[in-house]
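K.L.:
Before I ask anything, let me first share the structure, which is written out below as structure tokens.
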Amino acid sequence: MDKLIISNLSKTYDNGIKALQNVSLEISTGMFGLLGPNGAGKSTLMRTLATLQDADEGSIKLGNVDVTNQKNEIRKVLGYLPQQFGVYPKISAEMLLNHLAVLKGIVNKKERKNLIESLLHKVNLYNARKQNLGGFSGGMKQRFGIAQALLNNPKLLIVDEPTAGLDPKERNRFYNLLSEIGENTIVILSTHIVDDVKELCTNMAIIDKGIVVLKGNPLELINNLEGKIYKKTIQKEELEQYQKEYTIINQKLFLGKPMIHILSKKKPENGFISMKSGLESVYFSKIKN
């Protein structure tokens, strides 16, 4: 199967923001999670991979296809669900898919009908196929977005922040759908929701301020931190002192008081309790506020 090879990709916007800094990734078939805070460069990377904008430097290859210089070739095997995905509210799911399939060059009417039927079943929208898209829930719209992205049987599927705003049930349905697609396709899932990556991805990268700060298998990355994360509830006025003494990777309020999570190779004194590491700990250990 073809691999996606991203080499030394950099992009600086006119306002001086370095959206991507020397990004290199190798992505195989399956689900790949790109995790990072808002503004980290995820969407810039997704749009560059989807041939919607150019990088200043670097190269992208999918198998033998040079993504930067063979845009039309890559578009034939690319599926893309952007963060902001609009639909025509007064048209049915079936009709819009048919229209988009024609635009993608599927001219044989019978072939088109069979493909659309099969995709609507796949994304569990067959029973709603005659319904206008304006009446779809958020999860249904996202599943329709996946259906349109799969019209050309892509080798590479890019999904940008897909589960924001979905309720837990719709999110699980979406996860299952993406996992199924990822069995034969490179699926890149860009998100700031840590659980999305933990549930789905065999490989991942964390990007912050345009730089890839960590990459690997989520479970291995979690195991690497096991026994190094500790927590303690403190008084608000003590926070500044603890920030000087320890590597605080996360803090949240617990019964109105700050609870801090720290990263430490040896067990700290001072009443800290060891806690199980998770992907959230991995994430916060690499993201600098």
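The values are calculated or read from the model by the stated rules, or taken from the named source; none is laboratory data. As the structure is a prediction and not an experimental result, all values here were calculated from the model. As a convention, Cβ positions derive from the backbone with ideal geometry for all residues, glycine included, and neighbour counts pool all protein chains shown. For the accessible areas, the whole protein counts, side chains as well, though only heavy atoms, and no ligand, DNA or RNA atoms are used. Shrake-Rupley method; radii C 1.70, N 1.55, O 1.52, S 1.80 Å.
K.L.:
List, in order, the whole-Hz ³J(HN,Hα) value for each residue of the stretch 7-21 obtained from phi through the Karplus relation with A = 6.51, B = -1.76, C = 1.60 and θ = phi - 60°; use x for Gly and Pro.
P.N.:
With coefficients 6.51, -1.76 and 1.60, one gets 10, 6, 7, 9, 8, 10, 7, 4, 7, x, 6, 8, 6, 9, 10 Hz.
K.L.:
May I ask for the net charge around Asp196, where only other residues with Cβ less than 10 Å from the Cβ of Asp196 are counted and Lys, Arg are +1 while Asp, Glu are -1? Please report the intermediate quantities before stating the final value.
P.N.:
Numbers: positive: Arg171, Lys198; negative: Glu161, Asp195, Glu199.
Net charge around Asp196: -1.
K.L.:
For the stretch 74-145, what size does the Cα cloud have along each of its three principal axes, sorted from largest down, in whole Å?
P.N.:
Here the Cα extents, ordered largest to smallest, are 30, 26, 21 Å.
K.L.:
May I ask you to compute the full-extension gain from Met259 to Ser179, defined as 0.36 nm times their residue separation minus their alpha-carbon distance, rounded to one decimal in nm?
P.N.:
On the way: separation 80, 0.36 × 80 = 28.80 nm, distance 3.51 nm.
Full-extension gain reported as 25.3 nm.
K.L.:
Divide, for the stretch 148-269, the radius of gyration over alpha carbons by 2.2 N^0.38 Å, where N is the residue count. Let's see the in-between values first.
P.N.:
Values: Rg = 18.8 Å, N = 122, 2.2 N^0.38 = 13.7 Å.
The reported ratio for this selection is 1.37.
K.L.:
What number comes out for the charge environment of Pro268, summing +1 per Lys or Arg and -1 per Asp or Glu over other residues with Cβ under 11 Å away? Write down the numbers at each step before the final one.
P.N.:
Numbers: positive: Lys228, Lys231, Lys232, Lys265, Lys266, Lys267; negative: Glu245, Glu269.
Net local charge, Pro268 excluded: +4.
K.L.:
Right, next: Check Ile91: other-chain or 5+ apart residues with amide H under 5 Å from its amide H, H built from backbone geometry?
P.N.:
Leu133, Gly134
K.L.:
Using modelled amide H (1.01 Å from N, peptide plane; none on Pro or chain starts), what sits under 5 Å from the amide H of Val213, excluding residues fewer than 5 places away?
P.N.:
Close amide H contacts, sequence-distant or interchain: Ile206, Ile207, Asp208.
K.L.:
Between Asp14 and Gln83, what is 0.36 nm times their sequence separation minus the Cα-Cα distance? Round to one decimal in nm.
P.N.:
Working: separation 69, 0.36 × 69 = 24.84 nm, distance 2.26 nm.
The Asp14-Gln83 span can extend by a further 22.6 nm.
K.L.:
For Cα pairs less than 8 Å apart in space and 6+ apart in sequence, what is the mean separation divided by the residue count of the chain, i.e. the relative contact order in percent?
P.N.:
On the way: 533 pairs, mean separation 60.8, N = 289.
That works out to 21 percent.
K.L.:
For the stretch 135-146, take each phi angle, set θ = phi - 60°, evaluate the Karplus expression 6.51 cos²θ - 1.76 cosθ + 1.60, and give the result in whole Hz per residue in order, putting x for glycine and proline.
P.N.:
Coupling constants for the stretch 135-146: x, 6, 6, x, x, 5, 4, 5, 5, 5, x, 5 Hz.
K.L.:
Setting aside same-chain residues fewer than 8 positions from Lys130, which aspartates and glutamates have a Cα under 15 Å from its Cα?
P.N.:
The reachable aspartates and glutamates, counting only those whose Cα sits under 15 Å from Lys130, are Glu94, Glu117.
K.L.:
Using only the Cα atoms of the stretch 223-285, what semi-axes does the equivalent ellipsoid have when each is the square root of 5 times a gyration tensor eigenvalue? Give whole Å, largest first.
P.N.:
Working: eigenvalues 69, 32, 21 Å².
Over the Cα atoms of the stretch 223-285, the ellipsoid semi-axes are 19, 13, 10 Å.
K.L.:
Straight-line reach only, C-alpha to C-alpha below 22 angstrom: list the lysines that Lys276 could link to, leaving out same-chain residues fewer than 8 apart.
P.N.:
Of all the lysines, those that pass the test against Lys276 - Cα under 22 Å, at least 8 places apart if same chain - are Lys198, Lys215, Lys228, Lys231, Lys232, Lys252, Lys257, Lys265, Lys266, Lys267, Lys286, Lys288.
K.L.:
Also, quick follow-up: Based only on Cα atoms, what Rg/Rh ratio does the stretch 3-72 have, Rh being taken as Kirkwood's radius?
P.N.:
Values: Rg = 11.9 Å, Rh = 12.5 Å.
For the stretch 3-72, the value is 0.95.
K.L.:
Please work out the average accessible area per residue across the stretch 223-285, using the 1.4 Å probe convention, and give it in Å².
P.N.:
Numbers: 4060 Å² over 63 residues.
Accessible surface, normalised per residue, equals 64 Å².
K.L.:
In addition: I want to check the label-to-label distance for Ser24 and Thr247. Put each point 7 Å from Cα in the C-beta direction and report it in nm to one decimal.
P.N.:
2.4
K.L.:
Could you please state, rounded to a whole Å, how far the C-alpha centre of the stretch 124-190 is from the C-alpha centre of the stretch 55-81?
P.N.:
22
K.L.:
Moving to a separate point now. Before rounding to the nearest 500, sum -39500 (n - 2.57) across all DSSP H runs of length at least 4 in the chain and divide by the residue total; then give [θ] at 222 nm in deg cm²/dmol. Present the calculation step by step, with values, prior to reporting the outcome.
P.N.:
Working: 10 runs with 94 residues, N = 289.
Mean residue ellipticity at 222 nm (helix-derived): -9500 deg cm²/dmol.
K.L.:
From the phi angles alone, apply the Karplus equation (6.51, -1.76, 1.60; θ = phi - 60°) to the stretch 34-39 and give each ³J(HN,Hα) in whole Hz, x where the residue is Gly or Pro.
P.N.:
Per residue, the Karplus-derived 3J(HN,Hα) values read 10, 10, x, x, 4, x Hz.
K.L.:
Run the accessible area of the stretch 190-289 with a 1.4 Å probe and give the carbon-and-sulfur part as a rounded percent. Could you put the intermediate results ahead of the total?
P.N.:
Numbers: 3010 of 5880 Å².
For the stretch 190-289, the apolar C and S fraction of the accessible surface comes to 51 percent.
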